[in-house]
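To start, the structure under review is shown below, and the notes come after it.
The values are calculated or read from the model by the stated rules, or taken from the named source; none is laboratory data. Quick caveat, the model's predicted, so the values are computed rather than measured. Neighbour counts are summed over all protein chains in view; Cβ atoms, including those assigned to glycine, are modelled from backbone coordinates with ideal geometry. Surface accessibility is based on the protein's heavy atoms, side chains included, excluding ligands, DNA and RNA. Shrake-Rupley method; radii C 1.70, N 1.55, O 1.52, S 1.80 Å.
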Amino acid sequence: MGLVVQKYGGSSVADAEGIKRVAKRIVEAKKNGHQVVVVVSAMGDTTDELIELAEQVSPMPAGREFDMLLTAGERIAMALLAMAIKSLGHKAQSFTGSQAGVITDSVHNKARIIDVTPGRIRTSIDEGNIAIVAGFQGVSQEGKNITTLGRGGSDTTAVALAAALDAEVCEIYTDVDGVFTADPRVVKKAKKIEWISFEDMLELAASGSKVLLHRCVEYARRYNIPIHVRSSFSGLQGTWVSNEPRSQSEGQQVEHAIISGVAHDVSEAKVTVVGVPDKPGEAAAIFRTIADAEINIDMVVQNVSAASTGLTDISFTLPKAEGRKAIDALERSKPAIGFESLRYDDQIAKISLVGAGMKTNPGVTAGFFEALSDAGVNIELISTSEIRISVVTRADDVNNAVRAVHSAFGLDSDSDEAVVYGGTGR
Ligand code: ADP
Ligand code: ASP
Ligand code: MG
């Protein structure tokens, strides 16, 4: 029996009962003969509550202190979980990200893992302990400051530890039975996917399916770590995410599927730079300004300029959390860039259709737009990749649009309704 890394999300450890339930599950894995390393998130909505608290004290909290605050959430969960395991008669030790050797760059609030040196974890499990590691946190290589990996970052901690410890599998335990063809909170008839490739899962995650974080899937693909996404509330098999189907039946299922799923994202906002002179260098200047502010953007659209004015508009989307910073940076650069004004809209949603089968099946794009049109949903921006089509719509339309597209592509299940076991979906 090899080593497994298990990650439990906030909804799985929302209260003392949850912690005790999870502790039993962990002990089962240990009793089955595995070495077990557990990554745990903050309890329930603790991270959101800490963010709200910080905002009451300071409108723009300094990155270093903000990270120090947020990492407290995972520290509480890891210590309680270790206590609960001990009270079941098993040996357990908890570790902060820094103690577990999670080394990151210095970008507070969204640090990247650059190395994992899990010597203390290895020693602890070799001594017969279950090692519990606080997710979502690390320590910067330069400066030795405490960092966080961005929202949902415990998924990445788990895969990074699984890679560094050469684990057999990384199990991600959450409040649904696996990865579904759409968010089960929105589409009751969503189907559980038995197996999905890293490639399709990456696109789903990047398009807002927060059941797995994009960076975590990227990491798993790079180190070829199979991920098993499953519920901590049921004993069911979940979804396997890996390079190749693990069985013939999984392979057949995939051959028939053109589309893996529909993802939606309401965490982005749209910035429109109005009246940009239509000449070389303008887009470069705008996006250099955004990049220098360390903001990642998503979709970009430039309109054709009206010949009479020689001016054009450029729109792009970005995380809402970065909106203020982007507007401030562009305002400062306005005299140099020479645009007329800025518009900011945070009432948007992005809806994406994902599937490798798109490459070889004509008509997917047309079917997607027809489904949206039949549902009366207006499209504001469009972007595509080889295996994804995304549109931006009004935020109010999102649920309607996701359900319409899910039905139109025959993804609705005719049997069980997808179960959501816990969590608030925050
Ligand atoms: P955790 O606290 O375990 O990290 P998250 O809230 O981050 O849990 O992720 C699980 C949630 O992801 C589910 O409750 C579900 O609402 C949402 N979700 C979005 N898209 C999907 C999808 N395609 N399949 C399953 N869950 C999804
Ligand atoms: N607790 C952090 C968050 O809520 C990290 C995580 O849950 O993965 O974003
Ligand atoms: Mg999560």
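Looking at segment 122-155, which of its residues are of a type in the set (Val, Ile, Thr), touching a helix residue (DSSP H, G or I) at 6+ places or on another chain (Cβ under 7 Å) and more than 16 Å from ligand 3 (Cβ to nearest atom)?
Ile130, Ile132, Ile146, Thr147
Please work out which one of (1) more than 16 Å from ligand 3 (Cβ to nearest atom); (2) in contact with a Gly (Cβ under 7 Å, 6 or more places away or on another chain); (3) not aliphatic (A, V, I, L, M) is the condition Arg222 fails and give its number.
It fails just one condition, (2).
Of (1) part of a strand (DSSP E or B); (2) under 16 Å from Ile258 (Cα atoms), Ser383 satisfies all except one. Which?
Condition (2) is where Ser383 drops out.
Restricting the search to segment 28-48, which residues are open to solvent by 10 Å² or more (accessible area, probe 1.4 Å) and either part of a loop (DSSP other than H, G, I, E, B) or away from ligand 1 (no atom under 14 Å from the Cβ) (or both)?
Correct list: Glu28, Ala29, Lys30, Lys31, Asn32, Gly33, His34, Gln35, Ser41, Met43, Gly44, Asp45.
Any idea which of Gly97, Gly135, Gly119, Gly150 is small (Gly, Ala, Ser) and within 21 Å of Arg324 (Cβ to Cβ)?
Gly150
Take the residues in segment 10-28 that are of a type in the set (Val, Ile, Thr) and within 26 Å of the chain's Cα centre (by Cα); name whichever of them is farthest from Ile172 (Cα to Cα).
Ranking the qualifying residues of segment 10-28, first place goes to Ile19.
Within segment 201-210, can one find any residue that is within 14 Å of ligand 2 (Cβ to nearest atom) and modelled with pLDDT under 95?
Looking for residues that are within 14 Å of ligand 2 (Cβ to nearest atom) and modelled with pLDDT under 95, one finds at least one in segment 201-210, hence yes.
If you check Met83, Met68, Met60, Met1, which single one turns out to be in contact with a His (Cβ under 9 Å, 6 or more places away or on another chain) and surrounded by fewer than 23 Cβ atoms within 10 Å (Cβ to Cβ)?
Matching residue, one of Met83, Met68, Met60, Met1: Met1.
If I go through segment 140-164 residue by residue, how many of them are away from ligand 1 (no atom under 12 Å from the Cβ) and not in a loop (DSSP other than H, G, I, E, B)?
10
May I ask you to list pairs of residues, at least six apart or on different chains, whose Cβ atoms are under 6 Å apart, with the first in segment 149-174 being over 13 Å from His228 (Cβ atoms) and of a type in the set (Phe, Trp, Tyr) and the second being open to solvent by 20 Å² or more (accessible area, probe 1.4 Å) and more than 10 Å from ligand 3 (Cβ to nearest atom)?
none
If we scan segment 241-248, do we find a residue that is within 15 Å of ligand 3 (Cβ to nearest atom) and either among the charged types (D, E, K, R) or at pLDDT below 95 (or both)?
No, the conditions are met nowhere in segment 241-248.
So Thr360 ticks every box in (1) surrounded by fewer than 14 Cβ atoms within 10 Å (Cβ to Cβ); (2) in contact (Cβ under 8 Å) with a residue 60 or more places away in the chain but one. Which box is left unticked?
All conditions pass for Thr360, except number (2).
Do we have any residue at all in segment 165-177 that's open to solvent by less than 40 Å² (accessible area, probe 1.4 Å), within 11 Å of ligand 1 (Cβ to nearest atom), outside any strand (DSSP E or B) and over 30 Å from Asp67 (Cα atoms)?
Yes, because at least one residue in segment 165-177 is open to solvent by less than 40 Å² (accessible area, probe 1.4 Å), within 11 Å of ligand 1 (Cβ to nearest atom), outside any strand (DSSP E or B) and over 30 Å from Asp67 (Cα atoms).
Residues that are in contact with a strand residue (DSSP E or B) (Cβ under 9 Å, 6 or more places away or on another chain) and surrounded by 18 or more Cβ atoms within 10 Å (Cβ to Cβ): which strands (runs of 3 or more DSSP E) entirely in segment 186-302 hold 3 or more of them?
Qualifying strands (runs of 3 or more DSSP E): 195-197, 227-231, 239-242, 261-265, 268-277.
Mind listing whichever residues of segment 330-357 are within 26 Å of the chain's Cα centre (by Cα), at pLDDT 95 or above and surrounded by fewer than 19 Cβ atoms within 10 Å (Cβ to Cβ)?
Tyr344, Asp345, Asp346, Gln347
Check off (1) in contact with a helix residue (DSSP H, G or I) (Cβ under 8 Å, 6 or more places away or on another chain); (2) closer than 20 Å to Gly2 by Cβ; (3) more than 16 Å from ligand 3 (Cβ to nearest atom) for Ile76 and give me the number that stays unchecked.
So the condition that Ile76 fails would be (2).
Scan segment 1-45 residue by residue and report those that are free of Cβ contacts under 8 Å to residues at least 40 places away in the same chain and within 15 Å of ligand 3 (Cβ to nearest atom).
Result: Met43, single match.
Kindly list the number of the only condition in (1) away from ligand 1 (no atom under 16 Å from the Cβ); (2) over 21 Å from Thr317 (Cα atoms); (3) modelled with pLDDT of 95 or more that fails for Ser407.
Ser407 satisfies every listed condition except (1).
Go through segment 373-389 and give me each residue that's among the polar types (S, T, N, Q), open to solvent by less than 60 Å² (accessible area, probe 1.4 Å) and in contact with a Ser or Thr (Cβ under 7 Å, 6 or more places away or on another chain).
The one that is among the polar types (S, T, N, Q), open to solvent by less than 60 Å² (accessible area, probe 1.4 Å) and in contact with a Ser or Thr (Cβ under 7 Å, 6 or more places away or on another chain): Ser383.
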